[in-house]
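Working notes, beginning with the structure itself.
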Amino acid sequence: MSRFVLAFSCWFRILFGKKLRPDVLPFLPDEIKALPPPTFEKPEKPEKPEKRPEKQPERPPEKPRVSPAQAHRDGALAFLALLQREGRLVDFLREPLDGFGDADIGAAARDVHRGCRKVLEQHLSIEPVMPGAEEEKVSVPKGFDPAEVRLIGEAKGEPPFRGTLRHHGWRVVEAKLPTLADGVDRAVIAPAEVELS
């Protein structure tokens with residue numbers, strides 16, 4: 001009777017594409033045991049008629065995301081473009097000064113200084129990192145930030161350190177830079193100028 005139940009079970013397993021139970025193996029002939037196990041393909045589902053998608057409201061195309069490195073690069077180039085536009089900084093720095101006298105260089109530097117200072121005042125709020133006049137004696141407290149205070153010379157012992165303020169440093173408190181427009185080549189910091197005749 002147990003063989004009958006086993007045979008019936010095997011018949012249903014084969015009928016529905018399932019593996020035979022391990023306890024059937026001793027009853028199979030040696031030729032069948034040597035065959036690789038059968039593989040069964042799932043029957044393909046009949047294709048359903050295509051439903052027309054309901055018309056969805058159109059969304060504006062998503063703007064491609066800009067990497068932080070790209071955003072920093074674009075911001076730096078935009079700021080350099082402002083310095084060039086207002087103070088001609090790039091022209092001044094790229095000009096070889098060997099053939100000019102000190103008076104000529106001083107006159108040009110005055111214009112560059114005026115324009116670049118205007119950009120700083122319009123777009124950045126800046127304050128000294130360490131208050132006090134240069135060449136005054138100062139104390140560097142314990143737990144100071146090395147990004148804010150650079151020690152010159154050999155530091156002996158533990159802070160607080162005493163020394164002479166050589167430069168008070170600068171910190172940007174607020175930046176009010178213009179919004180960068182899409183599709184503008186930031187690598188062009190000053191367009192070429194052509195006077196038509």
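Every read-out reported here was derived from the displayed coordinates using simple, explicitly stated rules and does not represent laboratory data. None of the values given here were measured: they were computed from a predicted structure. Here the Cβ is made from the backbone with ideal geometry for all residues, glycine too, and neighbour counts use every protein chain on show.
Per-structure values
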| read-out | value |
| --- | --- |
| Flag if PRO160 is surrounded by 11 or more Cβ atoms within 10 Å (Cβ to Cβ), more than 30 Å from GLN70 (Cα to Cα) and touching a residue at least 12 places away in the same chain (Cβ under 8 Å) | yes |
| Residue ranges of strands (runs of 3 or more DSSP E) in the stretch 125-197 with at least 1 members closer than 27 Å to ASP74 by Cβ and in contact with a helix residue (DSSP H, G or I) (Cβ under 7 Å, 6 or more places away or on another chain) | 170-175 |
| Close pairs from the stretch 81-103: first closer than 14 Å to ARG114 by Cα, partner of a type in the set (D, E, K, R), Cβ under 8 Å, at least 6 apart | GLN84/ASP91; GLU86/LYS118; GLY87/ASP111; GLY87/ARG114; GLY87/ARG117; GLY87/LYS118; ARG88/ASP111 |
| Options PRO131, PRO178; residue that is in contact (Cβ under 8 Å) with a residue 12 or more places away in the chain and under 25 Å from GLN70 (Cα atoms) | PRO178 |
| Filter pass, GLY132 being touching a strand residue (DSSP E or B) at 6+ places or on another chain (Cβ under 7 Å) and at positive phi | yes |
